[in-house]
Structure formats: structure tokens, C-alpha cells
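Down below is the structure, laid out as C-alpha cells.
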Amino acid sequence: MNENYIKRINEILTYIDENLDNDLSLEKIAKLAFYSPFHLHRLFKAITNEALNSYVTRKRIEKAAMQLILKKELSISEISLQTGFNSNSSFTRAFSKLYGQSPTNFRNANSKYFSKIGKTDSKNGKMNFITEEYICNINNLKNWIKMNAKIEIREMPKMELAYITQIGVEGIENAFERILRWARPKGLLAGEDSNITRIFHDSFKITDADKVRMSIGVILTSTIQTEGEVSLTTIERGKCIVGRYEIEPKDFEISWNGLFIWMNENGYKKAERNPFEIYRNNPDEHPEKKCIVDLCIPIE
């Protein structure tokens, strides 16, 4: 795939994220991207494995699902309007098709357990949520945090990134390798600390693993020109819960789950900004091949 096509689709993905409550028709986005609707449709599906209209609908519903959990003060009608749906009935139909239950039932079942829900079976739009069984493991997760994390509330600075897009967990190692191959000859990995970063644009709690979009990049200390599939983005300045871990790759899921539980237990509220990771070492140089990593949850 032409790398310039990938870079252009990256820009479209960012635009969609920032305009979910606006007109995101194929015709509108094609005009913004300077493509014909036919060409954009084929290109978008080839790169993301989803038709553009289907992608937009899914992103709107997943944003609504997150708001149903986190924004208890908003009514379902308000959430449907804020996520680009024209009516409650169309929103309810689309939501039920993806999650296998109505927005009301979803909110009632999961509003208490943001950090404790996950898809266990999403075939044919059906979904079961882990609830009581998962809750039984909360003490284990709390103990994991105590034993493995140093947690701070920190004002994180604005960070400029050069990044590539990765959709889904399959092939993620290759994505890290590609950004490293791009950054290494430019001297962007110099210094004692690693500055590789991964931003999560979707939550594994509400999005299937093969559709979760991530930006994998390197933090920049000066202005640089990018080319091909590499684009530029920004992590805005803001307050974050920062958990410092020294863990094996298999322990990332439990570490993130534990950190979200710590957030809830300590009365913090997640902000709209995306969670991200900053890798502080090269695991290949660690005596136990462990990652020293900061997991960062933006908070209000």
C-alpha cells in the first residue's frame, strides 16, 4: 500500500475522532480529502478493513457506550445527539445491534464497573459482560498495583509525536519495529530513557481487539519532517494518573486494569483525552527482558 495513502487515511481518522457529532458522510470526507467518494471508499476499506460509513457508526456507538458509563449526568437522549444520531430510535437500534442490549440496559449493568467490563463474546453482535466474576478479582488487582506500581498524579507536558497507525493487536510488534527503523537513523532514540509511546484511541473494554486503533510513535524534542506512513500528532498537556511499572509484556493487561481500579477507588474521573504509554527502557537490554513503562490515564 502506498505510504502516502496511509498518511492521508491517518488524517481522516483523526478528523473523524474530532468530529463525531458532525456530518461525516462519505461525500463530505471525500471532499475534505480531495478524493472521489468511490476512490476513498476503496482506499479506506483496504487500509482499515472497514467501510468508512461502518467505521463512523461504530465509533459513534463506542463513544456513546463510554459516555453511558462515565457521564451519569447525561441522559440517553443527550448522549445520542452528542454522538451524531438524529433520533433515540436510530441510536437504540444501532447500539443494540453492536452490543446486544439497549443503551439503558448497558448503562444499568456497567455504570459501576468501567474498569471491570470486557467483551467475552462479540460474534454476531452478541456480547456478554464480565461483572461479578471479575469483581471477585479486584483484591488481586489491588495487590498487583501495590506490589508492582509506583503511582503519581502528575501534570504531563505537551508532547509532539511522530507516529504510525496500528489497527488491531495482530502485527503490533511489526508496528513498533517500523517506527524504530524510521526513528533510529534520525537520532531520535538517543538518551538514557526510551521515548517510544503508544496512544490508545479505543478502549479494549468496548472495542474488539482487532479494531482497536493505536498510534505508536516517538516523542520529538525538535521539529522534524515526516514522510511516508509517518505522521505528526500531539499529546496535549494535562493532569494524569501515572503508574510506573517494571513488567513483562504479558502483564500489561492486568497493569492497566489495576490502574483503572486505583483511579475509581481514589475518586478520580477519566478525562476525554486518550490513555497512553511511555516506554522508559529497551526491554532487550533489561536483564529479565522487562519493560519499564509509564501507563498514563488523563483525568479531569
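Considering only alpha-carbon pairs that sit under 8 angstrom and 6 or more positions apart, the relative contact order computed for the chain is 18 percent.
Take the Cβ atoms of Y5 and E177, set R0 to 25 Å, and the FRET efficiency comes out at 0.75. Within straight-line reach of K158, meaning a Cα separation under 14 Å, sit the following aspartates and glutamates at least 8 residues removed in sequence or on another chain: E236. A simple spin-label model places pseudo-atoms 7 Å from Cα toward Cβ; at F200 and K72 they are separated by 2.2 nm.
About its Cα centre, how strong a charge dipole does the chain have in debye, to the nearest 20, once Lys and Arg get +1 and Asp and Glu get -1 at the Cβ?
Numbers: 43 positive and 40 negative charges, 146 e Å.
Magnitude of the dipole: close to 700 debye.
For the stretch 149-298, build the charge dipole from Cβ charges (+1 Lys, Arg; -1 Asp, Glu) around the Cα centre, then report which of T226, W182, I292 sits farthest towards its positive end. With unit charges placed on the Cβ atoms, the residue in question is T226. Mean residue ellipticity at 222 nm, helices only, the chain: -12500 deg cm²/dmol; runs of at least 4 DSSP H residues each add -39,500 (n - 2.57), and the sum is divided by the number of residues.
Over the stretch 23-62, the Kirkwood radius and the radius of gyration, each from Cα atoms, give a ratio Rg/Rh of 0.96. Annotation: extensible slack from K97 through K150 equals 15.0 nm (criterion: 0.36 nm per residue apart, minus Cα-Cα distance).
Peptides 82-90, 214-222 ranked from most to least packed give 214-222, 82-90, packing being the mean of other C-beta atoms within 10 angstrom over each peptide's residues. Cross-link candidates for K97: which aspartates and glutamates have Cα within less than 15 Å, leaving aside residues fewer than 8 places away along the same chain? K97 reaches E62, D121, D208. Ordered from longest to shortest, the equivalent ellipsoid semi-axes for the stretch 3-111 are 29, 13, 12 Å, each the square root of 5 times a Cα gyration tensor eigenvalue. Shape summary: the stretch 149-298 maps onto an equivalent ellipsoid whose semi-axes, from the alpha-carbon gyration tensor, are 23, 17, 17 Å in decreasing order.
What whole-number volume per residue, in cubic angstrom, does the convex hull of the C-alpha atoms of the chain give?
Numbers: hull volume 41.8 nm³, N = 300.
In the chain, the Cα hull volume divided by residue count equals 139 Å³.
Taking each full run of DSSP H in the chain as one helix, which ones are at least 24 Å long along their axis (Cα atoms) and have mean Kyte-Doolittle hydropathy of at least -0.5?
Values: long enough: 52-70 (27 Å, 0.00).
Both cut-offs are met by 52-70.
The spacing between the stretch 26-80 and the stretch 261-300, judged by their C-alpha centroids, is 27 Å.
Read the figures in this text as sums done on the coordinates, not as results from a lab. This one's a predicted model, so the numbers in the text were calculated from it and none came from an experiment. Note that each Cβ is placed from the backbone with ideal geometry, even for glycine, and that neighbours are counted across all protein chains shown.
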